[in-house]
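Quick notes on the structure that follows.
The numbers here are math on the coordinates, done by the rules we state, and not lab data. A quick note: this is a predicted structure, and the numbers were derived from the prediction, not measured. All Cβ positions, even for glycine, are placed from backbone atoms using ideal geometry, and neighbour counts span all protein chains on display.
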Amino acid sequence: MNPITFEDLQAPLFVAWQINSACNLECLHCCEEAGHRIPGELNKQEVFHFLQQIVELNIPYVAISGGEPFLHPHFFTICEFLSKHNISIKVETNGEFIDEEKAKKIAQLRFRSVQISLDGATASTHERLRLRGDWNKAVSACRLLIKKGVNTEIVFVPTKFNIQEIGQLIDLAYSLGVYGIYTGKIMRIGRAAKNWDILCPSEKDYESFFKTLNDKVDYYDGKMKVYYYPYDVIEELKYRLKFPAASLLVLPNGKVKLIGPLPFICGDLKKQSLTEVWQNYKRAWRNPKVIEFAQRVIANPKLLAESNRWRKV
Ligand SMILES: C[S@@+](CC[C@H](N)C(=O)[O-])C[C@H]1O[C@@H](n2cnc3c(N)ncnc32)[C@H](O)[C@@H]1O
């Protein structure tokens, strides 16, 4: 008997949802090129129509990102709805809007996790990459959440500027009491693609980065989760061509992207049901146009710069 694949499923197992594109920061490496509101973002009625379908299809897990999700006018209403239906929620945030009151609300909603982006062990390094960012606010968000018992994680994206601070950052993460710290190679997408020459770490930088990570994995074994994904976005794409994920990547305007590194849109939640979009997604991975373009990207990673120039499959 053949093993079950994503094609056998009637719905995705996971939805990654960029609920907005507005952001208070302008990170040099932002894969979403967030910062301004894009036209046609889902309105409240459309958002709840989408949420209702998530419930009806029994999708167990939603990761909310942005933009900066805490800037979304209905952020907590969305989370309340998901939590009421026992759907696991992860939120990816820069942490800057999390105060005592929001931390309390988050704790009450029993998020599966809150991931705070911390791109340096020091304020100057973090703020050099995260333009208009405030490292102290991000660290304070970790403290507030941990105090309220929220499962808090730190995410670090390595670049030429900050890669040397990984060891120090992991130690800081432990002293804060986070559940885990997550990292991997920077994805050459969005502003990271535009700024690739100034951001991309060298092979030597990565060598010592992964060595430090391996040492820290051992050192913090049983005390804190130190997790890294060792593959870059091209290796990921090669893998996904064979084994597509059982997940959907939903953009703020309701369009659904096939996968981050490719520009293809496989559905539109303003016009189609979630089930229809899921069927389109499954078909799109077998579409010769998609396969041919993906092969070209694999041969020439500079084409990753096109990943946010959305086009229909
Ligand atoms: C796009 S951000 C949006 C959420 C929130 N505004 C924040 O700053 O965390 C979501 C996650 O993607 C990560 N990220 C952004 N650009 C990236 C890139 N080029 N490669 C890998 N991760 C990236 C961020 O560090 C963050 O953890």
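Summary table
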item: Rough spin-label spacing in nm, given labels placed 7 Å along Cα→Cβ, for Ser88 and Asn2; result: 2.8
item: Local electrostatic count at Trp196 - Lys and Arg +1, Asp and Glu -1, tallied over other residues with Cβ under 9 Å; result: +2
item: Electrostatic dipole magnitude of the chain [Cβ: Lys, Arg +1; Asp, Glu -1; Cα centre; debye, to 20]; result: 640
item: Exposure rule at most 10 other beta-carbon atoms within 10 Å, DSSP loop trypsin sites (Lys or Arg not before Pro): the chain longest free segment; result: 1-222
item: Computed helical MRE - 222 nm, the chain, DSSP H runs ≥ 4 contributing -39500 (n - 2.57), nearest 500; result: -11500 deg cm²/dmol
item: Alpha-carbon centroid distance for the pair the range 135-183 / the range 24-47, whole angstrom; result: 24
item: Spacing of the two label points (7 Å from each Cα toward its C-beta) at Asn58 and Asp218, in nm; result: 4.5
item: Zone residues, the range 75-94, relative to Gln108, backbone N less than 20 Å from point 7 Å out along Cα-to-Cβ; result: 75-91
item: Sites Lys204 and Arg309 - FRET efficiency at Förster radius 35 Å, r taken between beta-carbons, to 0.05; result: 0.60
item: Extension gain (nm, one decimal) between Glu235 and His36, 0.36 nm per residue minus Cα-Cα; result: 68.6 nm
item: Overall Cα dimensions of the range 11-312, principal axis frame, Å, largest first; result: 47, 46, 35
item: Net charge over other residues, Cβ less than 10 angstrom from the Cβ of Ala121 (K, R count +1; D, E count -1); result: -3
